[in-house]
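The values are calculated or read from the model by the stated rules, or taken from the named source; none is laboratory data. Please read all numbers here as calculations on a predicted model, not as lab measurements. Cβ sites come from the backbone with ideal geometry, for glycine too, and all protein chains shown count toward neighbours.
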Ligand SMILES: NC(=O)c1ccc[n+]([C@@H]2O[C@H](COP(=O)([O-])OP(=O)(O)OC[C@H]3O[C@@H](n4cnc5c(N)ncnc54)[C@H](O)[C@@H]3O)[C@@H](O)[C@H]2O)c1
């Protein structure tokens, strides 16, 4: 174990979004490190919440089924926390374009309410927030470092940029010890494969599991730097553990920048499926496509000693093995949801409040 991570022994941690993909992976690791973990998650419809994600540690984790904006319900938990990992949010760019106000509620307003409470009840507490590369928009240069301007191309990117700025402002004002990790495409066990619009790696894994052909929009040359979830979790743990942080914003990226066609070919080979096919971009995807992306993670390597370790072929094989253990469950074959990716109930903001209550 990295020596610095010994500090988690007995630490009281709040993990928002802890029923989701990355949050649950982090919660499991925190329990392994001896931390006391409370998860806050309102199981927002259309996001990746799944009770089963916490199965390995369910008896050791307290779960509050609450919206992070529901600050009165969280008061005592915020007051008694030593550290917050803030991963609550909606990842879907497509959802954000269909329902921008819903995305604003989830990714911006709820965050502001939550941060206000943290600053009031636990001034100065360390908060590690899950930002996104989407805030940079179409990169002006590669690799993208933390000085790249924020130019988001979709509502998700705009609202995440706002939430990042809230965190940075609270830190600047000395009210919270906030730090933001801008994540690239994260993949691994516990992604919501059954849920449409969760990004191309979720779609690829779903199709790999069924040995179906993978499809790529465009010419397949677009670069991405996928990051295995365990490596991302390691970065959250370091950002939570280092006593004095030299910076407030860090970019995370994977160890390799690969063309989408390379990614798809690797996936097809590992799954034993047919070779991938190229397809023209649907107009709604083209509008929000960011072209090539590769993160410059020099800052976090230099300042916190983090670097991505898992090569894509290794990580995607591990992920596939995880889903192959229970394919029917992960694909929800016995409980099919909407096939087309459109969920009418998401349009009704009241559903958010109902899900939270
Ligand atoms: N997965 C990626 O590739 C990726 C990339 C960039 C950034 N991120 C960020 O990382 C975080 C976690 O992403 P993930 O992939 O684990 O998504 P996920 O959908 O699997 O998990 C997010 C969880 O947050 C919960 N949630 C959302 N809004 C909430 C609220 N207001 N109150 C309480 N719970 C709420 C959802 O119910 C869900 O369980 C998100 O903030 C996302 O924007 C993820």
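Restricting attention to the stretch 154-209, the residues that are within 18 Å of residue 85 (Cα to Cα) and free of Cβ contacts under 8 Å to residues at least 40 places away in the same chain add up to 3. The C-beta contact set for the stretch 134-153 (first residue at pLDDT below 95, second residue in a loop (DSSP other than H, G, I, E, B), distance under 8 angstrom, 6+ apart or interchain) is empty. Considered as a group, the residues in the stretch 116-130 that are in contact with a helix residue (DSSP H, G or I) (Cβ under 6 Å, 6 or more places away or on another chain) and surrounded by 24 or more Cβ atoms within 10 Å (Cβ to Cβ) include one that is nearest to residue 224 (Cα to Cα), and that residue is 129. Against the criterion of being free of Cβ contacts under 8 Å to residues at least 24 places away in the same chain, on the phi < 0 side of the Ramachandran plot and not in a loop (DSSP other than H, G, I, E, B), residue 27 does not qualify. In the stretch 178-196, the qualifying residues are those that are buried (at least 19 other Cβ atoms within 10 Å of the Cβ) and more than 9 Å from the ligand (Cβ to nearest atom), and the one that is farthest from residue 326 (Cα to Cα) is 178. For the stretch 135-144, the criterion of a residue being within 11 Å of the ligand (Cβ to nearest atom) and surrounded by 22 or more Cβ atoms within 10 Å (Cβ to Cβ) is satisfied by at least one position. Considering 40, 84, 61, 128, the condition of being farther than 29 Å from residue 174 by Cβ and either more than 11 Å from the ligand (Cβ to nearest atom) or within 17 Å of the chain's Cα centre (by Cα) (or both) is satisfied by 61 alone.
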